[in-house]
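To start, the structure itself, in structure tokens.
The values are calculated or read from the model by the stated rules, or taken from the named source; none is laboratory data. In this text, all values refer to a predicted model and were calculated from it rather than measured experimentally. In this analysis, Cβ positions are derived from the backbone assuming ideal geometry, glycine residues included, and neighbour counts consider all displayed protein chains. Accessible surface areas use protein heavy atoms only, side chains included; no ligands, DNA or RNA. Shrake-Rupley method; radii C 1.70, N 1.55, O 1.52, S 1.80 Å.
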Amino acid sequence: MKPSIEVLGVYRLTITIDLVREMTNARFVEPENWPGEKKAAEQAGLRELREAVLVEVLVLHRDDQFRIEDFGQPQSDQAAYAERYLSDDGESVVGTAWDPPSGPTLRLAFFLHYLHVDRPLLTSYGPVTLPEPRPMPLRLSRLMPYQPVA
């Protein structure tokens, strides 16, 4: 059978005050930067968090052509990151980018910044149409906590 990618969902992050603070701290670790720049850093972090999503896909009939590095969008320098392989039911993590599970079928979740839903998701097996983002399911919030990029 021919390899393919099925998008199971695109999910908005659950943004909390603590997550905005964590994002700000990841970017501005020097105390001398805080007085004049803290508010601007918080606003920039909040904008970035609002434009980040978690994408969950099913990889069917995986072959040697599959590479997580292929996932992204046209006209964007953003790439999938913090990827985790999930169990068949999506309820547990079974592998990471460095330790993927074996087998022809994979359930995969990853973060992507600055998503454009009007553009396809590029994959090892060609472009795939993306659905509109929706709220993050609790199971994925637990399994895939967002880690701010410094």
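A 1.4 Å probe run over the chain, with the rest of the protein chains in place, finds 57 Å² accessible per residue. Distance between the modelled labels on ARG142 and ASP18, one decimal in nanometres: 1.6 nm (7 Å Cα→Cβ projection).
Here the chain is treated as a Stokes sphere of Kirkwood radius computed over C-alpha pairs; at 25 °C and 0.890 mPa s its diffusion coefficient rounds to 150 µm²/s.
Please say if the stretch 85-149 is rounded, prolate or oblate, where rounded means a/c under 1.5 for a ≥ b ≥ c the square roots of the C-alpha gyration tensor eigenvalues, and otherwise the choice is prolate for a/b larger than b/c and oblate otherwise? Don't skip to the end; give the middle numbers.
On the way: a/c = 1.70, a/b = 1.20, b/c = 1.42.
Oblate is the answer for the stretch 85-149, as a/c is 1.5 or above yet b/c matches or exceeds a/b.
If you place +1 on the Cβ of every Lys and Arg, -1 on the Cβ of every Asp and Glu, and leave all else neutral, what size is the dipole of the chain about its Cα centre, to the nearest 20 Debye? Don't skip to the answer; put the middle values down first.
Values: 16 positive and 22 negative charges, 68 e Å.
Around 320 debye, computed over the chain.
Computed in the context of the full set of protein chains, the accessible area of the chain at 1.4 Å probe radius has 51% of its extent on carbon or sulfur. Multiplying the residue separation of ASP70 and VAL7 by 0.36 nm and removing their Cα-Cα distance gives an extension gain of 21.2 nm.
For the stretch 9-150, the residue among THR129, THR16, LEU106 whose Cα projects farthest onto the positive side of the dipole built from Cβ charges is THR16.
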